[in-house]
Each structure stands twice: as C-alpha cells, then as structure tokens.
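First up is the structure itself, then whatever we jot down about it.
The values are calculated or read from the model by the stated rules, or taken from the named source; none is laboratory data. Owing to the predicted nature of the structure, the values given are computational and were not obtained by experimental measurement. In this analysis, Cβ positions are derived from the backbone assuming ideal geometry, glycine residues included, and neighbour counts consider all displayed protein chains. Calculation scope for accessible area: heavy atoms of the full protein, side chains included, ligands and nucleic acids excluded. Shrake-Rupley method; radii C 1.70, N 1.55, O 1.52, S 1.80 Å.
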Amino acid sequence: MNYKHLHYFMQVAKSGSVTRASEQLHLTPQTISGQIQLLEDALGSALFAKSGRSLVLTEAGRLALGYAEEIFGLGAELREAVREHSKQGRPLEFRVGVADAVSKSIACRLIEPATHLPEPVRMVCREWKLDSLLAELALHRLDLVISDAPIPASVSVRAFNHRLGASGVTFFAALPLFERYVGAFPQCLDGAPMLMPGEDSGVGQRLRSWFQARSLRPKVVGEFDDTALAKEFGRRGAGIFVGPTVLTEEIEKQFRVKAMGVATGVMAEFFAISVERRVTHPCVVAITQRARDELFARPRNRRIRHKAPR
C-alpha cells in the first residue's frame, strides 16, 4: 500500500471535496483523483460516493478513514518518540491544554505531578476553548487536554476520554453577601446575585437545571468562562460564585469567602483527553494516577452550618 495515497484520501475525507483537498495539499485535483483511484483499486472497494457537489464516505471509506487516522497518529508518535530519544538528557517537553471552564486550582493540582518526575520536564501550558484545544490535540501540537467535559459529539476528533474524577459543587460568598443571604439553603439563593459559569461549561448547564428543578431564580449578574475571574469578582462581593467542593477550605482561605452550601446532585467532572487509548506518556500517567489516587479518591463531606434568618 502506498501511504501517500492514504494521506491524500484522508485529506479529501476531512475536507469533503477533491478541490479543497488539492488547495490544502498544493496539488492538482486530477493528481489527487488519480491517486485515490489507485488506492481504491488496491483495496478493491470504492471509498467515496457523490452527494451533490460533495463527496461522502462509503461504508468501506469510513472503515478506511479510521485506520488511516490511527496509522498517521502512530507515525506522529513515532517521530515524537525518536525526537525525545535523540535529545539525550534534555528536558522532556510536556504540552498540555486546559479548557477555560476548568478551575485554575484544580488544573494546577492535576498538572503538578508531571513536574515531579525523575527526569526533568519542560511544561508548555495553553488555555483555550475546548474545541480549539481538541483541534490542536488532533494535530499533535498538544500531548493532553484537561477538560470539565468529555469530547463533544459534534467534534470530529480521534481522541480518547480518560475520566480523572468528580467533585461536588459548592456556593461561596464574600462575608457581606453571606450575612445578607444567610438562611435556609438553597432557598436563600432565590433572588441572590449570582456569578454563573458560562453556558458552554458542563457545570454551568447542570446548575441551570438544578435551579429550575427547585424553582429558584437567582439574579444572574455575570457569566464567566474563566473561573478565576469569577472568583475574583466574588471575592470583591459582586455576587455568589461556585467552586469544587474538594477545594472548599482552599477557596475560603485564598479568596476570604465563606461556603454557603452544596448543590446536591450536581457534580463537576474532569477528564484527561489524549490521542492515546492506553496512556503511555510519563506526564499523563503521573497526572491520571495522582488524580484518581488522591485528589478525587475520597469525597470530602463537610457540614456547612446556616444561621436562622433574623
């Protein structure tokens, strides 16, 4: 099998047209069409069918695309492995992306084990929207993506979800707000100023359903993709905000706020997303093991006392 033909096929499959693929590959459409015909002859089956002006994959084409992505993914891993081996003692580069909806404290706790490996590590950390990070992962520009949600069904990326764990979700408020809205929880949240996670975040979606199920209507004064920014506004008394229950004591101390209560039934999940089905990168192995063995091993149940309203 000619792997150049397979590469052309994969580009056409992803772009949906020979013309667009030819522009990306800087080849003539006739050249690409001829190469794909040779691949179809070698495999003994048609890989594309026409649908209007576009091409769609046949059943055999979908099967071939899965293998092609895996073949070229392994090729990228091979180049990376040889490149790292040839460095001869230079630091292991670890490129990690963090979805902007993930708490910075959680992200730091999750990534930290990668800095304590026996060999030196040079870490490159990027923060972005999840779909943008997954595109970088697919191009092997990242080794790992940490997210609060698994790969969306709408994103066509060959990658694998590795669930790290989950935490409850706690409401926090600066002392003046805490004293103003203290009372029976969660009823005290009705009409209270709220700093909500963005609509794209998993926690944000689950919290909206949680409020609706309890007929609670907090006054949403802000929506934030960046959880650190939401906490900073919360520290200044702009509104009530949420954070992972496993970090309750840390959040109270760092932002000088008080926990109001836990959103029963709402969980913040965390995932490590990689192109590897079986994790082998030393940094990723350290992250997944520490998360499951320590950070999310035992939920911390802390009773929060509420004063009766005056």
Taking the condition of being touching a residue at least 40 places away in the same chain (Cβ under 8 Å), assigned to a helix (DSSP H, G or I) and more than 24 Å from GLY204 (Cβ to Cβ), how many residues in region 250-299 meet it? 9
ALA114 is checked against (1) in contact (Cβ under 8 Å) with a residue 60 or more places away in the chain; (2) open to solvent by less than 70 Å² (accessible area, probe 1.4 Å); (3) closer than 25 Å to LYS14 by Cβ and fails just one. What number does that condition carry? (3)
Could you list, in sequence order, all residues of region 150-172 that are open to solvent by 20 Å² or more (accessible area, probe 1.4 Å) and of a type in the set (Phe, Trp, Tyr)? PHE160
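Based on what the data block shows, is LYS231 among the basic types (Lys, Arg), touching a helix residue (DSSP H, G or I) at 6+ places or on another chain (Cβ under 6 Å) and not in a helix (DSSP H, G or I)? Please lay out each step first, then the result.
Values: among the basic types (Lys, Arg): yes; touching a helix residue (DSSP H, G or I) at 6+ places or on another chain (Cβ under 6 Å): yes; not in a helix (DSSP H, G or I): no.
No, not satisfied.
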Filter region 160-208 for residues that are assigned to a helix (DSSP H, G or I) and of a type in the set (Lys, Arg); the one that is nearest to GLU252 (Cα to Cα) is ARG180
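Collect the residues in region 44-55 that are modelled with pLDDT under 90 and not charged (D, E, K, R), keeping them in residue-number order.
So the first thing to find is which residues in region 44-55 are modelled with pLDDT under 90, and the list is 50-55.
Scanning region 44-55 gives SER51, GLY52, SER54, LEU55.
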Please list, ordered by first then second residue, the pairs with beta carbon atoms under 8 Å, 6 or more apart or interchain, first in region 144-169 and without any contact (Cβ under 8 Å) to a residue 24 or more places away in the chain, second among the acidic types (Asp, Glu) and open to solvent by 50 Å² or more (accessible area, probe 1.4 Å). PRO152/ASP131
Scanning region 173-191 for residues that are without any contact (Cβ under 8 Å) to a residue 40 or more places away in the chain and not small (Gly, Ala, Ser), which turns out least open to solvent (accessible area, probe 1.4 Å)? ASP190
Yes or no: region 62-76 includes at least one residue that is in a strand (DSSP E or B) and either modelled with pLDDT of 90 or more or touching a strand residue (DSSP E or B) at 6+ places or on another chain (Cβ under 6 Å) (or both). no
Options ALA99, ALA46, ALA64: the member that is of a type in the set (A, V, I, L, M), open to solvent by 30 Å² or more (accessible area, probe 1.4 Å) and without any contact (Cβ under 8 Å) to a residue 60 or more places away in the chain: ALA46
Of the residues LYS253, LYS231, LYS219, only one is surrounded by 21 or more Cβ atoms within 10 Å (Cβ to Cβ) and of a type outside the set (A, V, I, L, M); which? LYS231
From the option list ALA13, ALA101, ALA42, ALA21, single residue qualifying as in contact with a helix residue (DSSP H, G or I) (Cβ under 9 Å, 6 or more places away or on another chain) and assigned to a loop (DSSP other than H, G, I, E, B) is ALA101
Hey, could you check region 209-228 for residues that are modelled with pLDDT of 95 or more and assigned to a helix (DSSP H, G or I) and say which is nearest to GLU199 (Cα to Cα)? SER209
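Yes or no, residue by residue, for (1) under 22 Å from the mean Cα position of the chain (by Cα); (2) closer than 30 Å to ALA68 by Cβ:
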{"residue": "PHE160", "(1), (2)": "yes, yes"}
{"residue": "ALA174", "(1), (2)": "no, no"}
{"residue": "LEU189", "(1), (2)": "no, no"}
{"residue": "LEU195", "(1), (2)": "yes, no"}
{"residue": "GLU223", "(1), (2)": "yes, no"}
